[in-house]
Amino acid sequence: MSDLITVQGVVISAAPIGEYDKRIVLLTRERGKISAFAKGARRLNSPFMAAADPFVFGNFTLYEGRTSYNLNQVSVTHHFVELATMQPGVYYGYYFLELADYFGREGTDEKEMMNLLYVTVKALMNSQMDDRLIRCIYELRTMAEQGLCPQLFQCAECGRELNIEEACFFSQEVHGILDSSCAVGQRDARRISPSALYAMRYIVTAPMGKLYAFRVEPDILLELEQIIHLYTARNTDKKFKTLQILEVMK
Ligand SMILES: [Zn+2]
């Protein structure tokens, strides 16, 4: 019995193995990103039937075998079943899981990414929220959580603190904002509006529970998309399969 451990986590992917089993990938607080074998999870009467699925949050009891973890028991705390029926919301959801999977490592505390996924899936279920804004917020906050936050408060070149009202420029090359004099020498520097900069500052600093508590005008959303999607693509080195599906669906 000493080999049993219980972890708090979320299922970020599940793949069928053979006829009746599944292999799941979990993002956990105690062990980071781990994979576990869920025996019989595809049988109709299995207790894992509904628990070994993406977007399931809960406490997972695992048997630590010599080469892998085996799922022993699950106590589900949140299961966003309705998300599966929401389109294109569910595809955004799968992309968010894939991005979390990309950054996940074994042995780290994934509590913040778990919380981020939780508030993000809740936002996806809220029909008042624009999925495109949710994607911008999730991507930028993920970069910040992973230590890849762009410089949004000081000029990335001279270090001067920049007021939201003065002319600011964003450069992908220098990973942040520039004042007008430093922007002169930076070819890819482009003007960023005070509203877009304000939104980006909010996204990287807001408490998790208030992350999705704002809206923006359509032109600002477009600006956020152009800056944040490119920033995310340039700071990751993977073609996300789920993102390609999402782009096709647009
Ligand atoms: Zn400067």
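Here are some notes:
- The residue that is farthest from L4 (Cα to Cα), among those in the range 30-83 that are aliphatic (A, V, I, L, M) and in a strand (DSSP E or B), is V56.
- Residue check for E217: open to solvent by 20 Å² or more (accessible area, probe 1.4 Å), within 11 Å of the ligand (Cβ to nearest atom) and charged (D, E, K, R): no
- Residues located in the range 30-57, provided they are at positive phi and either touching a Pro at 6+ places or on another chain (Cβ under 7 Å) or without any contact (Cβ under 8 Å) to a residue 60 or more places away in the chain (or both): G40
- Selection count where residues are touching a Cys at 6+ places or on another chain (Cβ under 7 Å), within 16 Å of the ligand (Cβ to nearest atom) and outside any loop (DSSP other than H, G, I, E, B), scope the range 133-183: 4
- Which listed residue, of A199, A167, A189, is of a type in the set (A, V, I, L, M, F, W, C) and under 16 Å from A144 (Cβ atoms): A199
- Members of the range 1-29 found to be surrounded by fewer than 15 Cβ atoms within 10 Å (Cβ to Cβ), touching a residue at least 60 places away in the same chain (Cβ under 8 Å) and in a loop (DSSP other than H, G, I, E, B), listed by number: D3
- Considering Y231, Y198, the condition of being open to solvent by 50 Å² or more (accessible area, probe 1.4 Å), closer than 30 Å to K111 by Cβ and in contact (Cβ under 8 Å) with a residue 12 or more places away in the chain is satisfied by Y198 alone.
- Reported count of residues in the range 111-132, each being among the hydroxyl-bearing types (S, T, Y), in a helix (DSSP H, G or I) and surrounded by fewer than 22 Cβ atoms within 10 Å (Cβ to Cβ), is 1.
- Flag if T85 is more than 19 Å from the chain's Cα centre (by Cα) and hydroxyl-bearing (S, T, Y): yes
- Within the range 39-90, tally of residues that are aromatic (F, W, Y) and open to solvent by 70 Å² or more (accessible area, probe 1.4 Å): 1
The values are calculated or read from the model by the stated rules, or taken from the named source; none is laboratory data. The model shown is predicted, which means the values in this text are computed figures rather than measured ones. Here the Cβ is made from the backbone with ideal geometry for all residues, glycine too, and neighbour counts use every protein chain on show. Ligands, DNA and RNA are excluded from the accessible area calculation, which covers all protein heavy atoms including side chains. Shrake-Rupley method; radii C 1.70, N 1.55, O 1.52, S 1.80 Å.
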